[in-house]
Each structure stands twice: as structure tokens, then as C-alpha cells.
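The structure appears below as C-alpha cells.
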Amino acid sequence: MSTSRSGSSHSDEAQRKRVREFESLLGRDDLRITCEEMGALLSGRPGKTISEPACLLLDVREEWEYRFVRFPAAVHIPMSRLPENLHRIPKDRLVIVYCHTGIRSLLACYLLVQNGFQSVRNLEGGIDEFARAVEPALPRYCLEEGRRPPESVLAENARGVEKKEHNPWGEGVSDSISL
């Protein structure tokens with residue numbers, strides 16, 4: 001995979017372009033929080049655009065992703081289960097939504113805004129960009145061909161206590177992944 005001068009890969013740039021296009025379709029480009037702002041917020045130093053003292057981190061990734069890497073104290077509600085779990089999210093706090101690359105979390109932000117949440121932000125680039133730009137100690141992952149979790153992620157998940165039959169890809173996929 002080739003990289004640009006900034007060190008990001010061309011696929012990362014394509015991903016950012018997809019997010020921008022999706023923001024344009026939704027008519028909202030004011031929901032972003034950068035990885036640097038998130039890093040400052042997590043370290044206790046309020047960023048320039050964040051004035052709320054407390055926030056809720058909402059992880060909308062699948063269970064296998066959440067078990068592999070996550071922010072401490074994040075609330076985990078997979079995107080597919082978010083509509084029926086809106087009551088679990090406080091409306092009086094800043095909600096920072098994240099996923100792997102920022103697309104699912106952008107959809108989640110839009111859903112929250114449509115349901116009366118006033119202070120919502122999407123982590124630009126997701127936890128993957130955060131790991132690359134701010135916290136290199138965080139483990140990173142990408143999907144292998146065939147849209148399957150990497151073997152290293154599955155192996156790490158298998159060591160966990162919550163073993164179950166799980167199909168993170170939803171409809172249209174016949175085989176499930178044993179975690």
C-alpha cells in the first residue's frame with residue numbers, strides 16, 4: 001500500500017473523502033471532532049472547540065472490534081442496536097461517537113441529532129486514525145479479504161471470557177465466526 005507525504009495511505013485519504021461526501025449528503029459538516037481534540041479531551045485538557053466538562057464516549061462498532069481495542073469508559077452500543085437503545089444515552093452531555101474509520105459513527109451522529117441530541121461529535125477517522133495520529137500504543141486492525149476480522153483479532157477475542165457465536169457482518173453472510 002502506498003503512502004502520501006504525511007504518512008497516511010491513499011486508502012486513508014479515500015476513506016476521508018467518503019466521509020466528506022457522506023457529510024455533504026447528510027447536510028451536516030459540523031459534527032466533527034479531530035483526533036487531536038479528542039486526545040486533549042481524554043488527557044483532561046479541554047480542546048479549543050469543546051467546552052463541556054464531561055462527555056460520553058459511544059462506541060458503535062461490533063462486539064469483536066470493541067473487545068479488541070476501545071477507549072476506557074466507553075459505552076458500547078453497536079450501530080445495529082442503537083435505535084432501541086437511545087434511552088441509555090444522556091441528552092445533557094457531549095456525546096462523542098466513534099467507530100473504526102468514522103463512517104458508522106457519522107450515521108450514529110445523524111441518528112442522535114434526529115432524535116433530539118444537541119451536543120454530538122463524530123471522531124474524525126475513528127479509533128484507527130486516533131491510534132495512528134495520537135496514541136500509537138493502541139492496537140490497530142483492518143479487515144482481511146472477504147470482509148473478515150484479522151486472525152490476530154479473532155485469536156485475541158477467543159482469549160476473552162465472552163465466547164459466543166457471532167456474525168458481525170449482518171444479513172447476506174451465511175457463515176458465522178466463532179469467537
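Taken together, the values in this text are just the output of simple stated rules run on the coordinates, not laboratory data. Note that the coordinates shown come from a computational prediction; the quantities given were computed from them, not determined experimentally. Here Cβ is always computed from backbone atoms with ideal geometry, including for glycine, and neighbour counts include all displayed protein chains.
Extension gain, R88 to A54: 0.36 nm times the residue separation minus the Cα-Cα distance gives 10.6 nm.
Local charge for H87 was computed over the other residues whose Cβ lies under 15 Å away, with Lys and Arg +1 and Asp and Glu -1, and equals +2.
For E13 and A155, the difference between the fully extended length at 0.36 nm per residue and the C-alpha to C-alpha distance is 48.2 nm. Applying 1/(1 + (r/R0)^6) with r as the Cβ-Cβ distance of R20 and L143 and R0 = 25 angstrom yields a FRET efficiency of 0.70.
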